[in-house]
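Asks: Handing you a structure now.
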Amino acid sequence: MRKSCGQLLFDFGTGTGGERLEDVLPHYDNPATDNQRLLNMQYDYLVHGSGEAWEGLWSLSYSVACRLVRNMASRHRLRLGECDVMDKAQGAVEYVLRRYAPDRCGGRQYFVRKNFVSQLRGGVLHSLFYRTKGDALVDFWDSDSINAYIDSRGTQ
């Protein structure tokens with residue numbers, strides 16, 4: 001707990017607690033799964049600042065997210081074309097990896113401690129099922145008859 005401008009600020013375990021980042025981040029000598037490979041790329045990116053690790057993190061996250069989107073779409077009986085799958089996977093990867101931006105979280109460093117694939121799963125859920133108020137108002141336009149089909153789900 002620390003004080004800033006007369007206000008108490010609590011540490012909710014989001015930081016490294018004064019430990020070095022190299023000691024906190026998981027790293028595997030022989031990664032066997034996609035999760036372990038993603039965690040190794042995260043380690044290389046955050047500790048060494050490797051641009052190649054960042055590119056690998058994007059590409060492997062994208063391929064894992066595509067598999068997750070297909071799996072969830074079939075489980076929830078959604079009909080998505082390949083273009084939609086790629087679009088949803090791209091949105092999920094952006095949702096997760098934009099947290100690594102240096103200006104986020106008040107200068108704190110974001111990282112995944114245990115399961116990177118579960119973070120991607122959360123991004124896929126957000127990409128598939130999150131709806132803005134604009135999405136709730138207008139679902140689609142029929143260009144043949146120029147009629148707007150209003151979707152009233154989720155509006156109060």
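The values are calculated or read from the model by the stated rules, or taken from the named source; none is laboratory data. Note that the structure is a prediction, hence the values are computed from the model and not measured. Cβ: placed from backbone, ideal geometry, glycine included. Neighbour counts: every protein chain shown. Surface areas here come from the heavy atoms of the whole protein model, side chains and all, with no ligands, DNA or RNA. Shrake-Rupley method; radii C 1.70, N 1.55, O 1.52, S 1.80 Å.
Asks: Where residues in the range 12-26 are open to solvent by less than 90 Å² (accessible area, probe 1.4 Å) and of a type outside the set (A, V, I, L, M, F, W, C), which of them is modelled with the highest pLDDT?
Replies: Looking only at the range 12-26, we keep the residues that are open to solvent by less than 90 Å² (accessible area, probe 1.4 Å), and these are 13-18, 21-22, 24-26.
Next cut, of a type outside the set (A, V, I, L, M, F, W, C) only: 13-18, 22, 26.
Numbers: 13: 49, 14: 48, 15: 52, 16: 52, 17: 57, 18: 62, 22: 80, 26: 88.
Checked the range 12-26; the qualifying residue modelled with the highest pLDDT is 26.
Asks: Being at pLDDT 90 or above, open to solvent by less than 70 Å² (accessible area, probe 1.4 Å) and not aliphatic (A, V, I, L, M) narrows it down to one of 91, 81, so name that one. If you could, list the steps in order and put the result at the bottom.
Replies: On the way: 81 fails: at pLDDT 90 or above.
Result of the check over 91, 81: 91.
Asks: Follow-up question, since we're still on this one. Looking only at the range 47-59, which residues are aliphatic (A, V, I, L, M) and open to solvent by 30 Å² or more (accessible area, probe 1.4 Å)? Outline the logic, then answer.
Replies: Initially, the range 47-59 is screened for residues aliphatic (A, V, I, L, M), giving 47, 53, 57.
Residue satisfying the conditions is 47 alone.
Asks: Something else now. Out of the residues in the range 102-135 that are open to solvent by less than 40 Å² (accessible area, probe 1.4 Å) and modelled with pLDDT under 90, state the one that is nearest to residue 35 (Cα to Cα).
Replies: 112
Asks: Which condition number in (1) open to solvent by 70 Å² or more (accessible area, probe 1.4 Å); (2) farther than 21 Å from residue 115 by Cβ; (3) assigned to a loop (DSSP other than H, G, I, E, B) is the one that residue 74 fails?
Replies: (3)
Asks: Could I ask something else about it? Between a residue in the range 36-47 that is hydroxyl-bearing (Ser, Thr, Tyr) and any residue that is open to solvent by less than 40 Å² (accessible area, probe 1.4 Å) and not in a helix (DSSP H, G or I), which pairs come within a Cβ distance under 9 Å, given they are 6 or more apart or on different chains?
Replies: 43/25; 43/26; 43/111
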